[in-house]
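The structure appears below as structure tokens.
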Amino acid sequence: MTRLTRRSVLVAGAALPLFSINSRPAHAAEFAYKFANNATDSHPLNVRGKEAAARVKEKTGGRVDIQVFPNSQLGSDTDTLSQLRSGAVEFFTLSGLILSTLVPVASINGIGFAFKDYGQVWPAMDGALGSHVRAEIAKRGLYAFGKQYDNGYRQITSSTKPIKTPEDLNGFKIRVPPSPLWTSMFKAFGAAPTSINFSETYSALQTRLVDGQENPLAIIETGKLYEVQKYLTVTNHMWDGFWFLANKKAWEAMPADVRAIVEAEFNASAITQREDIAKLNATLQGTLESKGLQFVQTDAALFRAALKKAGFYAEWKEKFGAEAWKVLEDAVGGLA
């Protein structure tokens, strides 16, 4: 029979926690990362993002476990961008117009009436223009995936009159997000833009502090803005997408073969999400019309000409720089 001494008990006891520290349960992920975004849980961004995360976990044999945090659960866009940069959050999808607070050229896709349709958007953002922006993003300690997720084209709504021509915007009181690009564009039309947080937009429209606003169809529907607006003008005046961003250190901590799987799966989901948004927009028009909004069609060429005459494009060409502007114009044609 083995004799237990004080020394043998102490040695055995010391070995137990040592074994626990050095061992990792078979089911534990080697890379447990967080993916944050500001979309609702049911938004195609999250539906497809969760599918990508599941495929990544399967294809990496459980080495990578990406947990999705929708609906700004981890903080506002600005807060989460800071967390991404510090490494507290590993992945984040963000509008280029908001990312421009860190990477100025990231808002170039939001230039008014630049993209005629999606036939111009995706070749540009999947091609040279997207590459140009990604290179600037990389200089800020972030890594941007090759495929953007779709946010959508923005449309104008009004409670007072249908907006059919640029002249209809003269003196028009419109709510815009806090952004120099938005304010600059609507001032160029002679409108009276007011920066108001989205949470206050409904009441601002209800009390007639402003007569109209602009947003993608999905936001107009979910925000119930049709209750305080009468007309919806299909202007497609700005296109916006979500950059899929990674903290550079966290990204490079994964082996190259693992990184390839992660990016491939989220890029694949981006393509599917784009198709989802296209179908959703078609459905939303009917939904909004059934709720009383009158849809108005416009000629984008008239609006683009008005912006050019007002010097809007020349101003932003100077701000973005000749190199970035050339890449944009190579994709959409001459603007300034």
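Of everything in the range 201-254 that's closer than 16 Å to ALA278 by Cα and among the small types (Gly, Ala, Ser), which residue is surrounded by the fewest Cβ atoms within 10 Å (Cβ to Cβ)?
Step by step, filter the range 201-254, then rank; the result is ALA218.
Taking the condition surrounded by 17 or more Cβ atoms within 10 Å (Cβ to Cβ) and either without any contact (Cβ under 8 Å) to a residue 12 or more places away in the chain or closer than 20 Å to SER158 by Cα (or both), does LEU302 pass? Step through it out loud before you land on a result.
Values: surrounded by 17 or more Cβ atoms within 10 Å (Cβ to Cβ): no; either without any contact (Cβ under 8 Å) to a residue 12 or more places away in the chain or closer than 20 Å to SER158 by Cα (or both): yes.
Criteria not met by LEU302.
State yes or no: is ASN281 assigned to a helix (DSSP H, G or I), more than 30 Å from GLU200 (Cα to Cα), of a type outside the set (D, E, K, R) and touching a Phe, Trp or Tyr at 6+ places or on another chain (Cβ under 9 Å)?
No: the conditions fail for ASN281.
Residue by residue through the range 143-177, note down the ones that are touching a Lys or Arg at 6+ places or on another chain (Cβ under 7 Å) and surrounded by fewer than 23 Cβ atoms within 10 Å (Cβ to Cβ).
TYR143, SER159, ASP168 - these are the residues of the range 143-177 that are touching a Lys or Arg at 6+ places or on another chain (Cβ under 7 Å) and surrounded by fewer than 23 Cβ atoms within 10 Å (Cβ to Cβ).
For the range 125-179, enumerate the residues that are of a type outside the set (Lys, Arg), part of a helix (DSSP H, G or I) and under 30 Å from ASP276 (Cβ atoms).
Of everything in the range 125-179, those that are of a type outside the set (Lys, Arg), part of a helix (DSSP H, G or I) and under 30 Å from ASP276 (Cβ atoms) turn out to be MET125, ALA128, LEU129, GLY130, SER131, HIS132, VAL133, ALA135, GLU136, ILE137, ALA138.
Are any residues in the range 83-99 in contact with a Gly (Cβ under 8 Å, 6 or more places away or on another chain) and either closer than 30 Å to GLY334 by Cβ or in a helix (DSSP H, G or I) (or both), and if so, which ones?
GLN83, ARG85, SER95, GLY96, LEU97 - these are the residues of the range 83-99 that are in contact with a Gly (Cβ under 8 Å, 6 or more places away or on another chain) and either closer than 30 Å to GLY334 by Cβ or in a helix (DSSP H, G or I) (or both).
Consider only pairs whose beta carbons are under 7 Å apart and that are at least six residues apart or on different chains; among these, list those whose first residue lies in the range 125-142 and is touching a residue at least 40 places away in the same chain (Cβ under 8 Å) and whose second residue is surrounded by fewer than 14 Cβ atoms within 10 Å (Cβ to Cβ) and among the polar types (S, T, N, Q).
none
Looking at the range 144-157, I want the residues that are farther than 19 Å from VAL105 by Cβ and have a partner that is buried (at least 23 other Cβ atoms within 10 Å of the Cβ) and among the acidic types (Asp, Glu) with Cβ atoms under 9 Å, at least 6 apart or on another chain. Which pairs are those?
ARG154/GLU214; GLN155/GLU214; ILE156/GLU214; THR157/GLU214
If a residue must be under 17 Å from the mean Cα position of the chain (by Cα) and either modelled with pLDDT under 95 or of a type in the set (S, T, N, Q) (or both), how many such residues does the range 48-73 contain?
Final tally of qualifying residues: 4.
Give me the pairs, please: first residue somewhere in the range 318-336 and of a type in the set (Asp, Glu), second residue anywhere and surrounded by 16 or more Cβ atoms within 10 Å (Cβ to Cβ) and part of a helix (DSSP H, G or I), beta-carbon distance under 9 Å, and either six or more positions apart or on two chains.
GLU318/TRP325; GLU323/HIS132; GLU329/LYS317; ASP330/ALA124; ASP330/LEU129
Can we say ALA282 is hydrophobic (A, V, I, L, M, F, W, C), surrounded by fewer than 16 Cβ atoms within 10 Å (Cβ to Cβ), more than 25 Å from ALA128 (Cβ to Cβ) and within 25 Å of the chain's Cα centre (by Cα)? Steps first, please.
Working: hydrophobic (A, V, I, L, M, F, W, C): yes; surrounded by fewer than 16 Cβ atoms within 10 Å (Cβ to Cβ): yes; more than 25 Å from ALA128 (Cβ to Cβ): yes; within 25 Å of the chain's Cα centre (by Cα): yes.
Yes, satisfied.
The values are calculated or read from the model by the stated rules, or taken from the named source; none is laboratory data. Just so you know, these numbers come straight off a predicted model, no measurement behind them. Every residue, glycine among them, receives a Cβ derived from its backbone with ideal geometry; neighbour counts consider all protein chains shown.
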